[in-house]
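The values are calculated or read from the model by the stated rules, or taken from the named source; none is laboratory data. What you see is a predicted model; the values in this text were computed from it and never measured. Cβ coordinates were reconstructed from backbone atoms using ideal geometry, including for glycine residues, and neighbour counts include every protein chain displayed. Keep in mind that these areas ignore ligands, DNA and RNA; they rest on the heavy atoms of the full protein, side chains included. Shrake-Rupley method; radii C 1.70, N 1.55, O 1.52, S 1.80 Å.
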Amino acid sequence: MEAGFSRMNDLTVLQASQGLAVYIENTVTDAKTRGVVIGHDHRHHSLDFARLTAYAFIQRGFKVWYYKDLVHTPLVPYTIKKLNAAGGVMITASHNPKDDNGYKVYWENACQIIPPHDEGIAATILENLDPWGWDYGLVSESDLVSDPTDEGIIDDYFEEVKALCAYREDNETTHLKFTYTAMHGVGTPFAKRAFEAFSLPEFIPVELQVMPDPDFPTVAFPNPEEGKGALTLAIQTADAADSTIILANDPDADRLAIAEKQPSGEWIIFTGNQIGSILGAATYEKAISAGKKPDQLAMVASTVSSKFLDRMGEVEGFKFEESLTGFKWIGNTGMRLESEGYDVIFSYEEAIGFTIGDIVKDKDGVSALAFFSEWAVQLNKRGMTAYEYLQSLYAKYGYFVSANSYFVCGDKKLIQTIFERIRFGEEKYGYKLQYPTEIGGYKVTSVRDLTVGYDSNTEDNQPTLPVSSSSEMITFKLENNTVFTIRTSGTEPKIKYYSELRGDSEEQARIDLNKVVDAIGDELMEYEKNGLQKRKEE
């Protein structure tokens, strides 16, 4: 957040809101009477940004469903769904550093926007750059504004969360102790209410982190995905209370991190893929117990997430489909599967984002938190920890080990050179595609390049997933059951990689995967030659 047309500030927020208002008005049926939903988190300037967003829509004559109090991000798409609104905006920077803020746009289907709407909105913003006015107070005075809380929308949300509960008596009597951190964000009241909806015992709060604080004073990065560094206080709190499970929301509470204390005293912080495997298997078990048939069910995961659910679907008979990275793609893929008659019971991405059922078509760390906690109670009844349950899944479906990280590179031209070499070879003769045929000593069995639009697995060599030349993204499959994707980040100076191997034993799978990871850096990135920085591991 700072001055400048490429930064987040009052002017750029107002300009974005004006363009969005005009685009929705021109594109969505009955947009003004259906209205838009606006929410905000606790970050610096979030309240002012939300007020200016509302101002732009009020000026255009829209009904505005404006949350006066802090909300967790999933409530905005949920409210769009419940009120049949024409769209929505959530002011949040999620788990970014304290100096950041963000503007998250949802369409009338309660999913984040995808093409062509993103391009259409951007073009309309440029046509409406002159401010129509400037008033932070209009949202408190206009008859066009209502608070969805007064309409019972938050109560409705928790009724749907409550419907996910299947073992209430066991929840009421469990001796398991849960520790919770909101990471200085907005999650605490929503997490408490989710626990109440499931009749779970009160969690133990990390007192220094449960209240909203835009300066995030106890963490370097307010991202629970960062591992032990971000969860230090939570581990200390849990140890002091003899609690064995830590639940951590990111600041806008749409993500969920989980750690579990083992009988040995060691704390295991689950990766997003491990949590996704546990939750996917749990939702499947619950669905089958409720009388559903496997061929009625479907799950979705992003293409850089684990292939565990894909393998599980092959064995059990449910539909699995992958999407591009991000819940804007995951949510829309889930809606398409529902239109085909499937019951989409679970979706996730490896960046600790999970959706249970159909409450929202976006990641929701609050409903996932309660659902996981109930499943932990059931596993405890079986005499198992969540980690032991995960190992039992691997024993049945294969041992999936993953290694995800990144290289830092602020030189866009160098990044282009690196990917051109991977795509066209050293000589780039005629710029004919010449992908590596061997990586880390293992034969390449397939390549999918979503930048240039190539897939060796399809008859016409055209990918089934959307293609975008604006970013780099190549996926390789190797003969040793490794799948890895390398891609650029849209917001950071990084080349990211996501790798996974399925093997017969965890130990051998990890050894084999490490060879491939080394080759990603040495053979593909040539990181030492190119001066790339590896991620600093803890």
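Given the criterion touching a residue at least 60 places away in the same chain (Cβ under 8 Å), touching a Gly at 6+ places or on another chain (Cβ under 9 Å) and at negative phi, identify the matching residue among Leu501, Leu524, Leu532.
Leu532
Quick one: is Gly19 open to solvent by less than 10 Å² (accessible area, probe 1.4 Å), of a type outside the set (Val, Ile, Thr) and assigned to a strand (DSSP E or B)? For Gly19, the condition - open to solvent by less than 10 Å² (accessible area, probe 1.4 Å), of a type outside the set (Val, Ile, Thr) and assigned to a strand (DSSP E or B) - is not met. Filtering Val452, Val467 for residues that are touching a helix residue (DSSP H, G or I) at 6+ places or on another chain (Cβ under 8 Å) and open to solvent by 20 Å² or more (accessible area, probe 1.4 Å) leaves a single hit, Val452.
Residue-wise test of (1) open to solvent by less than 80 Å² (accessible area, probe 1.4 Å); (2) more than 27 Å from Ser277 (Cα to Cα); (3) modelled with pLDDT under 95; (4) touching a strand residue (DSSP E or B) at 6+ places or on another chain (Cβ under 9 Å).
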site	(1), (2), (3), (4)
Glu492	yes, yes, yes, yes
Gly503	yes, no, yes, yes
Glu506	yes, no, yes, yes
Val517	yes, no, no, yes
Lys534	no, yes, yes, yes
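Evaluate the following for Val210: is it free of Cβ contacts under 8 Å to residues at least 60 places away in the same chain, crowded, with 19+ Cβ neighbours inside 10 Å and β-branched (Val, Ile, Thr)? In short, yes. The single residue among Glu202, Glu160, Glu141 that is free of Cβ contacts under 8 Å to residues at least 24 places away in the same chain and within 27 Å of the chain's Cα centre (by Cα) turns out to be Glu202.
There is no residue in region 238-248 that is buried (at least 22 other Cβ atoms within 10 Å of the Cβ), of a type in the set (Ser, Thr, Tyr), touching a residue at least 12 places away in the same chain (Cβ under 8 Å) and touching a Ser or Thr at 6+ places or on another chain (Cβ under 8 Å). If you filter region 484-521 down to residues that are in contact with a helix residue (DSSP H, G or I) (Cβ under 8 Å, 6 or more places away or on another chain) and among the charged types (D, E, K, R), you find that the one that is farthest from Gln416 (Cα to Cα) is Glu506. With a requirement of 2 or more residues that are closer than 26 Å to Gly87 by Cβ and of a type outside the set (Gly, Ala, Ser), the helices (runs of 4 or more DSSP H) lying completely within region 296-392 that satisfy it span 327-339.
Just to verify a result, which residue in region 249-267, among those that are among the charged types (D, E, K, R) and touching a residue at least 24 places away in the same chain (Cβ under 8 Å), is most open to solvent (accessible area, probe 1.4 Å)?
Initially, region 249-267 is screened for residues among the charged types (D, E, K, R), giving 250, 252, 254-255, 260-261, 266.
Subsequent filtering for residues that are touching a residue at least 24 places away in the same chain (Cβ under 8 Å) retains 250, 252, 254-255, 260.
On the way: Asp250: 0, Asp252: 1, Asp254: 1, Arg255: 28, Glu260: 12 Å².
So, considering only residues that are among the charged types (D, E, K, R) and touching a residue at least 24 places away in the same chain (Cβ under 8 Å), the one most open to solvent (accessible area, probe 1.4 Å) is Arg255.
Filtering region 307-327 to residues that are of a type in the set (A, V, I, L, M, F, W, C) and open to solvent by 10 Å² or more (accessible area, probe 1.4 Å) leaves Val315, Phe318, Phe320, Leu324. Summed over region 275-306, residues that are under 19 Å from the mean Cα position of the chain (by Cα) and open to solvent by 40 Å² or more (accessible area, probe 1.4 Å) total 0.
Report yes if some residue within region 75-85 is modelled with pLDDT under 95 and out of contact with any Pro (no Cβ under 9 Å at 6 or more places or on another chain); otherwise report no.
No: zero hits.
Under 22 Å from Val366 (Cβ atoms), open to solvent by 10 Å² or more (accessible area, probe 1.4 Å), in contact with a helix residue (DSSP H, G or I) (Cβ under 7 Å, 6 or more places away or on another chain) and assigned to a helix (DSSP H, G or I): is that true of Lys32 in this structure?
Details: under 22 Å from Val366 (Cβ atoms): no; open to solvent by 10 Å² or more (accessible area, probe 1.4 Å): yes; in contact with a helix residue (DSSP H, G or I) (Cβ under 7 Å, 6 or more places away or on another chain): yes; assigned to a helix (DSSP H, G or I): yes.
So Lys32 does not fit the description; no.
Candidates Asp118, Asp150, Asp155, Asp143: the one that is surrounded by fewer than 18 Cβ atoms within 10 Å (Cβ to Cβ) and assigned to a loop (DSSP other than H, G, I, E, B) is Asp143. Scanning region 462-474 for residues that are touching an Asp or Glu at 6+ places or on another chain (Cβ under 6 Å) and assigned to a loop (DSSP other than H, G, I, E, B) yields a total of 1.
Being touching a helix residue (DSSP H, G or I) at 6+ places or on another chain (Cβ under 6 Å) and more than 23 Å from Ala351 (Cα to Cα) is the requirement here; does Ser46 meet it?
The answer is no for Ser46.
Helices (runs of 4 or more DSSP H) fully within region 188-291 that include at least 2 residues being basic (Lys, Arg): 188-197.
If you check Phe221, Phe178 for being open to solvent by 10 Å² or more (accessible area, probe 1.4 Å), closer than 22 Å to Ile269 by Cα and of a type in the set (Phe, Trp, Tyr), only one passes: Phe221. Out of everything in region 51-70 that is in a loop (DSSP other than H, G, I, E, B) and out of contact with any Pro (no Cβ under 8 Å at 6 or more places or on another chain), what residue ends up being least open to solvent (accessible area, probe 1.4 Å)? Here the answer is Phe62. The set of residues in region 98-109 being more than 14 Å from Ile24 (Cβ to Cβ) and not in a strand (DSSP E or B) consists of Lys98, Asp99, Asp100, Asn101, Gly102.
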